[in-house]
Structures are given as C-alpha cells and as structure tokens.
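The values are calculated or read from the model by the stated rules, or taken from the named source; none is laboratory data. Bear in mind that the values here come from a model prediction, so they are computed numbers and not experimental data. Here the Cβ positions follow ideal geometry from the backbone for every residue, glycine too, while neighbour counts run over all protein chains shown. What goes into the accessible areas is simple: the full protein's heavy atoms, side chains included, and nothing from ligands, DNA or RNA. Shrake-Rupley method; radii C 1.70, N 1.55, O 1.52, S 1.80 Å.
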Amino acid sequence: MEKTTTFPVRYTVYALSITGFFVSLALAFVRDASYLFPIVFGALTALGTYDLRQKKHTISRNYPILANVRYLLESIGPEIRQYFIQSDTEERPFSREQRTIVYQRAKNVLDKRPFGSQLSMYDEGYEWMNHSLNPSRVNGSDFRIPIGKHCAKPYSASVFNISAMSFGSLSANAILSLNTGARMGGFYHDTGEGSISRYHRQPGGDLVWEIGSGYFGCRNKDGSFNPDMFRENATLDQVKMIEVKLSQGAKPGHGGILPGAKVTPEIAEARGVEVGEDCVSPASHSAFSTPIELLEFIDQLRELSGGKPVGFKLAIGHPWEWFAIVKAMLETNRKPDFIVVDGGEGGTGAAPLEFINRLGMPMTEALLLVHNTLVGTHLREDIAIGAAGKITSAFNIARTLALGADWCNSARGYMFSLGCIQALNCHTGRCPSGVATQDPRRGNKLDVELKSKRVFNFHKTTLDALQNLLESSGLRHPSELGPEHIVRRVSTTEVHSYLDLFKFLEPGALLETETGLKVFDKYWAKATSDSFDPPEFILKLRETKLR
C-alpha cells in the first residue's frame, strides 16, 4: 500500500495547538502577555501527544484532541436524550411524566395536568379503569391488609410500601430518609438482603427483614445460616415480618459480590462480615435445597421470630419450580404467610444487560400465575400476595391489585421521592443525587429531614389518588378491585377487560381437572414436592436438538 505523504487534515487541531503554544509562550516572554493562553494550548498539546502515543484507542490516535470531544458527548448522551430529546411519555425506563408525578407528590405540590392526556388512547396496549355513575365515599386513604392472620404476631400492612433496597446499595442518608418516612406514614420498609443496619434502626419505622442466600445478619463465618443470630434480630419490635429472598427481578438466578474494598465498618456490622472482606451472595441458598425444605425453613424462622409472619419473594422462572413449592404446601400443610412476586422489569439492583432485558417473567404474567395457582389449590385465602414492578402511581397500584395482589411495593418510585433523577449511575457509586452511593461526599448532601418528609408525602398523596380512583369507580377499599375494573385496548377497534383478557381459575380447579391453560396442563402434574428438578420430558429435550 502506498504511503500517504500529505499532512493529515485530521491533525489540524493538534498542529494548531502546538503552534498556539509556542506563539503564546513567546508573546508572554517578549511582551509580558498573560500566561493563560500558553497554559491552555500547552494542555491541548499534551493531550494530543498522549492521544498519538497511546495504543488503546485507535480513534484517538487518528484524531488527536478531537476524539475526546466525541468521548465527552458520548458520556453525556443519556442525559442529553433524557432532558432534550425524549418525549414526556417515552419510558426509558421511566418516562418524564412518571418521574414528574412522583416529584410533585413528594413535594406535595400541584400534580394536576391541563389540556388532556398526552397518551395515545387508540394505541394497542392502552389501559384504563372503569368508573361508576354511582360514586362512593371513602373515609380516608390509610388502606391496610392483614398478613399472617394465623400467626401469633400478625401484621397490618399498608397497600403501598418500600421495596427491598440494601444499605450498601443506598447511602446511609437515603436509608435514614426512607425509614423515617415509613415511620411517619405507617408503612413498611424492606431492608433488602443487606440486613438491618444502624440506619434502619435509628428512625424506628416498620421493617420487613429480607433474608437472602448470604444470610447477612444471621450467618456463621462460613456463610451458613445462624439461628441464634437470626432470633436476636427477628425478635426486635421494629421487625414486623421476615421475607426469604429466592430471587429478584433485576437478576434472577444470579448471585452477587460486594468487593472487600467497599465493605466499610458500617456495612460489615450490618451484614456480619469482616471489614475489607469480599461480601458474597451465592446464587442459591444453603439452608434448603428442595421445596419441602424451604417450607420447613420458613416454619423454623416463624418459630425463632416469636410468631411473626414469614414468607418469600421470588421472580418467576421455570413454572414447574413454582408448582413444586405449591405441591409441597399441599402435601405438608406448611404454608408461607405471604409471597411477594417480583417482576422481571428489573429494579434497583445493577445487573448484566441480558438479565435486565431478557431474564425473568414480567410482573403481570408472574402475578397471574402465582394468584391462579393459589386459587386453583384452595390456598389463596391463607396466603397474602404482594407485588413489585415499576409501580409509581395510583393506577399502577389499582391494576396490580386487580390482577390478584393484596398490596404493592415500590423501590424506584421511592428513590424518585428522595430526589433520584434516573442518571443510571447506580452501579458506579457516582449517584449525583446521593441516593445510590457509598461516597460520603455525595450521600451526606442528601438532607434527611427534608427527604423523609418527601417519602411520607409520596406515600400519602399516592394513596389519596388511589382513594379518588376507588370513589370514582364506586368502590370502598382496594381489596374490592378485580379484573373487571381494568380495560386494555388490544387493537384500534377492540378492547377487553382483564376479566375477559386473562384466564382466572375457579377455586380448586387445579386439583380437579385440566384447566385449559397450557402452563398448568403441561407442567402441574409433572412437578414434585421433593425437588426443583425439571420434569423427565424436559430433561430428555435437553439431550437433543431433535424436538
């Protein structure tokens, strides 16, 4: 290949920087001019020289100095799109309209909208709630649901609570603000699997203690479950329920590690690990390995806690694994007091792109499967169901309850109430709002007194909005919401209520005959209570590509 002998035009900025440096430097010496220009041009010359000599970035070698402008614009691309390009209703992952309503309600300012909806009501997927010509009157918006009615210490939960977010993922001031807001509003704060920190305990708000596969706060040195340590924390008055995390929507079937460099004395204190030592969450639990053992573990936790409600959280994956748990309930008569369904929509946990986008069942389908299975086996009245998955408004709550949930949890909604701007820096430690960071220089800027009031306001005003929806629909309590109240457009000329759109099982139907739903008819009979293993016909399919 013939070598080019002409001066590359792409080096022009670099050449001008060199020229500017020597000219301005000479002027500074000869005419006593300012040294500002030699400093600026010198810095650009040094940058260009570095670009030419480094070997990691070909673009920088071909376009010295100029390539850095590209990298700068690329680094702020998400912010440019978020603030200047995206529409108010474009969800990436939450639309500006969704974030704004949380900000306004958290600040307790006017949340009304003029001039009609910005949503396309004739687009497929648009949903609405039917109203009544005979509206009701509801006294107050403090809607609650009893959980663990057969326990020694049942809990009356709000229908809208703070979902699992650990200290370590969130800053100390963020945890303080969330728990203070929960105490003010009388709703619960899920600890996340990072256990109960001093910042959860200090305000005194209700806690749901999440027990993950790392058994933080109740573990031996080898990472196994420690009953004595569990009893010590579980019997705290502040702890109202215990939640065993089987999987989470952000990264189901995936473990995690908090590098030792990030394990501060405060995190180590909460989790029961050594300072500076890697904090590992295995992909699976060591305290149980079968559905029956899971239920035995739940019974053990209930006894150790003094009779508090105990349940589990899961993101639905293989349906036969969920069916195996239900079959174990039927065979042993051991039951959790509640189940929290975590949708595959993600959540606050940072995860690989494939996990966020393509792994785990979304909340709607997962909730329907769990609700239908419990109804079809006569277990639904004994087990309460919570659900989480991009819930930020009263309508989100209403549609989720209509699908079968008893209450809702929200993580990112409450993060927005703290001031989160969806900068998508949660995993870097450089959260600009001081919410998802362990950098005290950032986290300490979050004002606990102010933000806790906003957490309280967001909960209160969202439930006030739910009260208004219920009254307009002629209902008196969220528990009355059913699939007949929510309507979805399935084409430009056709709409269906959830009652007609989704299949709902009759009580006991799963124990009697085929349901007409493929997921049940194909997998229910094959699931076994003593194993999470796939059915035999699935194992055979894995041995060959000949389907």
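At a glance:
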| item | result |
| --- | --- |
| Any chance residue 196 is open to solvent by less than 30 Å² (accessible area, probe 1.4 Å), aliphatic (A, V, I, L, M) and out of contact with any Asp or Glu (no Cβ under 9 Å at 6 or more places or on another chain) | yes |
| Tabulated pairs, segment 8-28, first in contact (Cβ under 8 Å) with a residue 24 or more places away in the chain, second not in a helix (DSSP H, G or I), C-beta under 6 angstrom, 6+ apart or interchain | 10/63; 13/65; 14/64; 14/65 |
| Enumeration of residues in segment 503-516 that are open to solvent by 40 Å² or more (accessible area, probe 1.4 Å) and within 16 Å of residue 368 (Cα to Cα) | 503, 504, 506, 507, 516 |
| Inter-residue pairs, beta-carbon under 8 Å, first modelled with pLDDT under 95 and in segment 354-382, second open to solvent by 10 Å² or more (accessible area, probe 1.4 Å) and in a helix (DSSP H, G or I), 6+ apart | 361/369 |
| Residue 529 under 29 Å from the mean Cα position of the chain (by Cα), within 30 Å of residue 246 (Cβ to Cβ) and not in a strand (DSSP E or B) | no |
| Selection status of residue 457, of a type outside the set (A, V, I, L, M), in a helix (DSSP H, G or I) and open to solvent by 50 Å² or more (accessible area, probe 1.4 Å) | no |
| Residue count for segment 177-187, restricted to those that are surrounded by 24 or more Cβ atoms within 10 Å (Cβ to Cβ) and either of a type in the set (Ser, Thr, Tyr) or more than 16 Å from the chain's Cα centre (by Cα) (or both) | 5 |
| Helices (runs of 4 or more DSSP H) within segment 215-307 that include 3 or more residues under 25 Å from residue 351 (Cβ atoms) | 265-271 |
| Contacts under 6 angstrom Cβ, first residue in segment 269-292 being at positive phi, partner surrounded by 13 or more Cβ atoms within 10 Å (Cβ to Cβ) and outside any loop (DSSP other than H, G, I, E, B), 6 or more apart | 272/219; 276/260 |
| Residue 331 open to solvent by 20 Å² or more (accessible area, probe 1.4 Å), more than 30 Å from residue 174 (Cα to Cα) and acidic (Asp, Glu) | yes |
| Residue satisfying condition, being closer than 27 Å to residue 322 by Cα and touching a residue at least 40 places away in the same chain (Cβ under 8 Å), within set 207, 236, 258, 246 | 246 |
| Qualifying residues in segment 170-212 (those that are in contact with a Gly (Cβ under 7 Å, 6 or more places away or on another chain) and assigned to a loop (DSSP other than H, G, I, E, B)) - the one farthest from residue 288 (Cα to Cα) | 171 |
| Sole residue being crowded, with 24+ Cβ neighbours inside 10 Å, within 29 Å of residue 521 (Cβ to Cβ) and not charged (D, E, K, R), chosen from 317, 311 | 311 |
| Filtered residues of segment 412-444 (kept if of a type in the set (Gly, Ala, Ser), assigned to a helix (DSSP H, G or I) and within 16 Å of the chain's Cα centre (by Cα)) | 413, 417 |
